[in-house]
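K.L.:
Just passing along the structure, written as structure tokens.
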Amino acid sequence: METDNKASAFKIDKQVRQSLKAAAKKNIKRNLIACIAVCFIMLFIAGEYHATIQNISAYDRVNVADMKYDADDKEEIIKDMIVNDLSIEETSSKWNVNDPVAVKRWYESYRSDGLSGLQSKEITFFGSSGDTSNIDILLNVLGLDKPAKEKAKFYLNKNAMNFISMSSAYFDIVTKNHSFKFSLLNVFDSIYRVKPPVKVITAFVYAIFLFLFSVFVVNVLTVCERRFFLENHTYHSTRIGRLGFLLRERTFKPAKTMLLKDIYFTLWSLTIVMIPVKIYDYMFVPYILAENPNIGSKKAIKLSKDMIYGHRMEMFRLDITMLGWFFLTSLSFGFAGIFFVNPYVTALNTEAYLYLRRSAIENGLEGSDQFNDCLLDLDLYEEQLIDEAKKSGKIPDISFLAPVHTLHDDIEQEKEMTLEGLKGSKEYPGLRPDAPSHYSRFANKTIVHRDYHRSYDIWAYIGMFFTFSIMGFIWEVAIHVIEDGVLVNRGTLFGPWLPIYGVGGCLAVMLLKKIVDKPVVTFMVVFIGCSMLEFSTAFFLDKFKHIKYWDYTGYFLNIDGKVCLEGAWVFAFAACATIYVLGPFVDDMLKRLKPALKIALCTALSVIFITDLVYTKFNPNKGKGITDYCTSIVQEEIQ
């Protein structure tokens with residue numbers, strides 16, 4: 001009962017909720033660019049902040065043909081088309097595909113490669129299709145046979161507004177962070193049902209990849225993100241580079257703890273009724289690891305449970321008060337989430353952690369000695385110093401010298417600072433090596449800041465053009481390999497570059513210098529600009545070269561398959577990355593080269609590119625991977 005009293009000493013009532021929200025808003029507004037960037041990175045790499053994208057993802061899963069139907073469904077559709085001598089348009093209408101181009105592609109793939117030709121994955125910006133969704137894997141493992149599943153799905157989809165398709169999409173989105181567990185279940189189910197060895201091996205390799213990515217990337221980044229927001233609570237110029245402090249240190253002990261937490265949560269999830277409880281029990285584990293990465297796994301998990309004990313319902317009420325913000329995120333197609341709600345949610349949880357951390361320390365909660373970074377909460381630190389002074393009979397003095405040192409641009413400059421000096425610090429100063437903290441060796445790992453206000457010369461722009469063009473080419477080729485398992489040239493030219501990426505990136509860097517200090521305005525400008533560039537490029541290729549290089553048919557808010565909302569989002573983020581990170585990085589790399597070598601390299605690349613451009617003018621690339629979508633006159637071919 002002692003733990004109960006200690007855990008419940010501080011209540012998160014209405015007044016506290018309001019103060020926590022006010023602090024969270026103030027903290028993110030003071031460092032808005034970094035907070036937005038960190039959450040955006042976590043959205044696309046770690047799959048956090050599902051509310052931002054779940055409506056768009058669910059829409060894609062229901063309307064993009066290659067996501068709506070798996071390989072077996074496609075085979076059934078094509079067989080019906082052949083047996084009943086249906087046209088492509090009739091088949092598309094009968095089976096509610098609503099995409100004759102996709103049906104045509106399935107038909108040609110089935111004729112040339114059989115069922116294996118229908119196994120391709122569709123990669124969207126916010127997810128991907130597969131032969132089996134997470135919910136289907138779960139139903140398979142539970143023993144529900146396919147005929148029974150299909151009958152139920154058909155009935156509910158037909159009579160309940162695509163209930164199964166929508167619920168399956170939402171389930172996959174919510175369980176994205178746990179996809180590797182479902183993939184492992186699929187492997188065991190495949191072995192049990194004696195499926196072809198190739199499928200078992202493929203599923204196993206995919207599950208292992210997801211497992212490793214989840215453990216060593218997603219979980220580690222989650223801890224790093226919490227560290228960023230903990231520091232940003234006090235130090236309002238915390239850099240985005242803090243997101244990589246554990247990766248830079250090559251310290252993966254927190255990954256083990258996060259994995260153990262995931263295992264515990266998965267086992268508890270089997271009971272279903274304990275899911276809401278365990279969500280709150282384990283929510284502070286990443287924060288504890290962010291403060292003290294060397295804490296033992298079981299200690300961290302137990303400390304999190306003890307901190308939240310007696311506060312679960314209070315945290316639930318706090319979450320309920322955020323429903324309006326989540327609704328606004330959906331109404332704004334995710335824009336409100338990107339630019340405010342996502343950072344606000346994490347900053348609010350950070351404030352709740354610090355509030356309950358203070359409660360645990362002041363009430364002597366078992367394990368509270370593991371909160372060993374006093375510089376994260378300077379108000380509490382000052383109170384502790386004053387209390388110590390009073391107990392020793394000394395006059396409290398806030399100018400008490402705290403054992404700290406500071407670090408700038410990887411050059412260590414040790415100096416002692418007063419509490420007033422600490423409170424004026426814009427970045428976390430780090431504990432002195434001989435201070436009583438196991439965390440000190442992690443404190444000062446930063447990524448060198450690059451000035452994005454600089455001016456670029458002609459060679460920098462040439463270097464950026466080729467860097468962005470080649471990166472775009474690699475991205476497109478990688479997507480095609482994942483979708484179809486085939487290595488093809490996805491470029492408009494024959495060389496390893498996609499000029500649209502290079503031109504877009506250079507234009508963003510060149511034209512937006514005057515607004516770089518206004519991230520929201522910058523994002524909106526590049527959002528509109530990238531959309532116009534992509535649409536005009538697609539229109540030109542379609543109208544004058546009769547080639548279609550990409551097709552967004554079925555994607556949420558697409559315009560004639562040439563542009564779509566989520567694509568514009570991603571390209572706008574990429575453009576912002578070129579302005580704030582990649583552009584300065586390329587410039588710095590080129591400056592390290594000798595002037596003669598730099599000029600020779602840029603000149604050689606330019607000559608090769610121009611030669612490729614002239615050759616392609618008369619011999620455009622129309623190989624596999626380009627014309628797989630369709631030519632611009634496909635409707636005439638269909639008829």
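K.L.:
For the stretch 464-502, give me each residue that is modelled with pLDDT under 65, touching a strand residue (DSSP E or B) at 6+ places or on another chain (Cβ under 7 Å) and either open to solvent by less than 60 Å² (accessible area, probe 1.4 Å) or under 17 Å from Asp612 (Cβ atoms) (or both).
P.N.:
Glu483
K.L.:
Consider only pairs whose beta carbons are under 7 Å apart and that are at least six residues apart or on different chains; among these, list those whose first residue lies in the stretch 251-273 and is without any contact (Cβ under 8 Å) to a residue 60 or more places away in the chain and whose second residue is assigned to a helix (DSSP H, G or I) and open to solvent by 70 Å² or more (accessible area, probe 1.4 Å).
P.N.:
These pairs meet every condition: Phe252/Phe216; Ala255/Phe216.
One line per residue, one yes/no per condition, for (1) of a type in the set (A, V, I, L, M); (2) over 21 Å from the mean Cα position of the chain (by Cα); (3) surrounded by 19 or more Cβ atoms within 10 Å (Cβ to Cβ):
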| residue | (1), (2), (3) |
| --- | --- |
| Ile263 | yes, yes, no |
| Val273 | yes, yes, no |
| Lys299 | no, yes, no |
| Lys302 | no, yes, no |
| Asp306 | no, yes, yes |
| Met313 | yes, yes, no |
| Asp319 | no, yes, no |
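K.L.:
For Glu414, indicate whether it is over 35 Å from the mean Cα position of the chain (by Cα), farther than 16 Å from Tyr235 by Cβ and at pLDDT 60 or above. I'd like the intermediate steps shown before the answer.
P.N.:
On the way: over 35 Å from the mean Cα position of the chain (by Cα): yes; farther than 16 Å from Tyr235 by Cβ: yes; at pLDDT 60 or above: no.
When the stated conditions are applied, Glu414 does not pass them.
K.L.:
Of the residues Lys545, Lys513, only one is open to solvent by 70 Å² or more (accessible area, probe 1.4 Å) and charged (D, E, K, R); which? So that I can check it myself, show each step before the final result.
P.N.:
Numbers: Lys545 fails: open to solvent by 70 Å² or more (accessible area, probe 1.4 Å).
Unique residue meeting the criteria: Lys513.
K.L.:
Name the single residue, out of those in the stretch 275-284 being in contact with a Phe, Trp or Tyr (Cβ under 8 Å, 6 or more places away or on another chain) and assigned to a loop (DSSP other than H, G, I, E, B), that is surrounded by the most Cβ atoms within 10 Å (Cβ to Cβ).
P.N.:
It comes out as Phe284.
K.L.:
Separate question: If you take the residues of the stretch 538-549 that are in a loop (DSSP other than H, G, I, E, B) and in contact with a helix residue (DSSP H, G or I) (Cβ under 7 Å, 6 or more places away or on another chain), which of them is farthest from Ile56 (Cα to Cα)?
P.N.:
That would be Ile547.
K.L.:
Consider only pairs whose beta carbons are under 9 Å apart and that are at least six residues apart or on different chains; among these, list those whose first residue lies in the stretch 415-434 and is closer than 19 Å to Phe245 by Cα and basic (Lys, Arg) and whose second residue is modelled with pLDDT of 75 or more and open to solvent by less than 20 Å² (accessible area, probe 1.4 Å).
P.N.:
Correct list of pairs: Lys426/Tyr235; Lys426/Thr238.
K.L.:
Name every residue in the stretch 336-366 that is open to solvent by 40 Å² or more (accessible area, probe 1.4 Å), assigned to a helix (DSSP H, G or I) and more than 14 Å from Lys25 (Cβ to Cβ), in order of residue number.
P.N.:
Tyr355, Arg358, Ile361, Glu362
K.L.:
Here's a follow-up. Run Cys224 past the list (1) modelled with pLDDT under 85; (2) under 16 Å from the mean Cα position of the chain (by Cα) and report the number of the one that doesn't hold.
P.N.:
It fails just one condition, (1).
K.L.:
Are any residues in the stretch 206-231 among the aromatic types (Phe, Trp, Tyr) and under 25 Å from Glu427 (Cα atoms), and if so, which ones?
P.N.:
Applying the first criterion (among the aromatic types (Phe, Trp, Tyr)) to the stretch 206-231 yields 206, 209, 211, 213, 216, 228-229.
Phe228, Phe229, listed by residue number.
K.L.:
Shifting gears a bit: Which pairs do you get when a residue that is within 12 Å of Ile500 (Cβ to Cβ), found in the stretch 530-553, comes within reach of a residue that is open to solvent by 30 Å² or more (accessible area, probe 1.4 Å) and part of a loop (DSSP other than H, G, I, E, B), reach meaning Cβ atoms under 8 angstrom, with the pair 6+ apart or on two chains?
P.N.:
Ala538/Trp550; Leu541/Thr492; Tyr549/Thr492; Tyr549/Tyr629; Trp550/Tyr629
K.L.:
Suppose we filter Lys104, Lys21 for residues that are outside any loop (DSSP other than H, G, I, E, B), at pLDDT 85 or above, surrounded by 14 or more Cβ atoms within 10 Å (Cβ to Cβ) and under 25 Å from the mean Cα position of the chain (by Cα); which single one remains?
P.N.:
Working: Lys104 fails: under 25 Å from the mean Cα position of the chain (by Cα).
After ruling out the rest, the residue left standing is Lys21.
K.L.:
I need every pair where a residue in the stretch 315-339 that is closer than 10 Å to Thr52 by Cα has its Cβ under 7 Å from the Cβ of a residue that is polar (S, T, N, Q) and buried (at least 17 other Cβ atoms within 10 Å of the Cβ), sequence separation at least 6 or different chains.
P.N.:
Hits for this filter: Thr329/Thr52; Ser330/Asn55; Gly334/Thr52; Ala336/Thr329; Gly337/Thr52; Gly337/Thr329; Ile338/Thr52.
Table: residues versus (1) open to solvent by less than 30 Å² (accessible area, probe 1.4 Å); (2) modelled with pLDDT of 80 or more.
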site: Lys79; (1), (2): no, yes
site: Leu86; (1), (2): no, yes
site: Thr91; (1), (2): yes, yes
site: Lys94; (1), (2): no, yes
site: Thr124; (1), (2): yes, no
site: Asp136; (1), (2): yes, no
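K.L.:
Let me ask something else about it. All but one of (1) aliphatic (A, V, I, L, M); (2) part of a helix (DSSP H, G or I); (3) within 22 Å of Leu221 (Cβ to Cβ) hold for Met313, so report the exception by its number.
P.N.:
Answer for Met313: the failing condition is (3).
K.L.:
I'm told Asn292 meets every condition in (1) touching a Leu at 6+ places or on another chain (Cβ under 7 Å); (2) open to solvent by less than 10 Å² (accessible area, probe 1.4 Å) except one. Can you identify the failing condition by its number?
P.N.:
(1)
K.L.:
Condition test on Phe523, is it assigned to a helix (DSSP H, G or I), open to solvent by 40 Å² or more (accessible area, probe 1.4 Å), touching a residue at least 24 places away in the same chain (Cβ under 8 Å) and not β-branched (Val, Ile, Thr)? I'd like the intermediate steps shown before the answer.
P.N.:
Details: assigned to a helix (DSSP H, G or I): yes; open to solvent by 40 Å² or more (accessible area, probe 1.4 Å): no; touching a residue at least 24 places away in the same chain (Cβ under 8 Å): yes; not β-branched (Val, Ile, Thr): yes.
Judged against the criteria, Phe523 is not a match.
K.L.:
Being open to solvent by 10 Å² or more (accessible area, probe 1.4 Å), in contact with an Asp or Glu (Cβ under 8 Å, 6 or more places away or on another chain) and at pLDDT below 85 narrows it down to one residue among Gln119, Gln54; which is it? Lay out the reasoning, then the answer.
P.N.:
Details: Gln54 fails: in contact with an Asp or Glu (Cβ under 8 Å, 6 or more places away or on another chain).
Exactly one residue qualifies, and that residue is Gln119.
K.L.:
Among the numbered criteria (1) modelled with pLDDT of 90 or more; (2) closer than 28 Å to Ala300 by Cα; (3) open to solvent by less than 70 Å² (accessible area, probe 1.4 Å), which single criterion is violated by Asp369?
P.N.:
Failing condition for Asp369: (3).
The values are calculated or read from the model by the stated rules, or taken from the named source; none is laboratory data. Treat the numbers as computed from the prediction; the structure is a model and nothing was measured. Methodologically, a virtual Cβ is constructed for each residue, glycine included, from the backbone with ideal geometry; neighbour enumeration extends over all protein chains shown. Heads up: the accessible areas ignore ligands, DNA and RNA and are worked out on the full protein's heavy atoms, side chains in. Shrake-Rupley method; radii C 1.70, N 1.55, O 1.52, S 1.80 Å.
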